[in-house]
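*Asks:* Before I ask anything, here is the structure I am working with.
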Amino acid sequence: TLRDYEIQPGGQFRLEDVPSQLAASYGMGLRFNMGYFILRFDLGMKAINPAFEEDEDEHYPIFHPRFSRDYAFHFAIGLPF
């Protein structure tokens, strides 16, 4: 929010906090064009997780990966545009 509300501590948007609150991830995927629709298979992994402090291993999961916590698999069926 733009204001500092008493019922929402730490919820005020401040530009100087943005770099430390950005997350990063990377991944790869496969696309299969079936003519009428597209099948997508994607695998992604967290690289930086701002939910944890910088001195914790979980802040940089790229160096200390845990499959159940840091990887995500996505499957989708979509229409080509």
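The values are calculated or read from the model by the stated rules, or taken from the named source; none is laboratory data. Bear in mind that the values here come from a model prediction, so they are computed numbers and not experimental data. When we count neighbours, we look across all protein chains shown, and the Cβ atoms used for this are built from the backbone with ideal geometry, even at glycine.
*Asks:* List, please: which pairs have Cβ atoms under 6 Å, are six or more places apart or on different chains, and start with a residue in the stretch 57-70 that is among the hydrophobic types (A, V, I, L, M, F, W, C) and end with one that is modelled with pLDDT of 85 or more and not in a loop (DSSP other than H, G, I, E, B)?
*Replies:* Ile62/Ala47
*Asks:* Among (1) within 27 Å of Ile77 (Cβ to Cβ); (2) among the charged types (D, E, K, R); (3) more than 12 Å from the chain's Cα centre (by Cα), which single condition is Lys46 missing?
*Replies:* The single condition Lys46 does not satisfy is (3).
So that you can scan it fast, the table gives a plain yes or no per residue for (1) of a type outside the set (Lys, Arg); (2) within 30 Å of Asp17 (Cα to Cα); (3) at pLDDT 85 or above:
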site	(1), (2), (3)
Gly44	yes, yes, yes
Glu53	yes, yes, yes
His74	yes, no, yes
Gly78	yes, no, yes
Phe81	yes, no, no
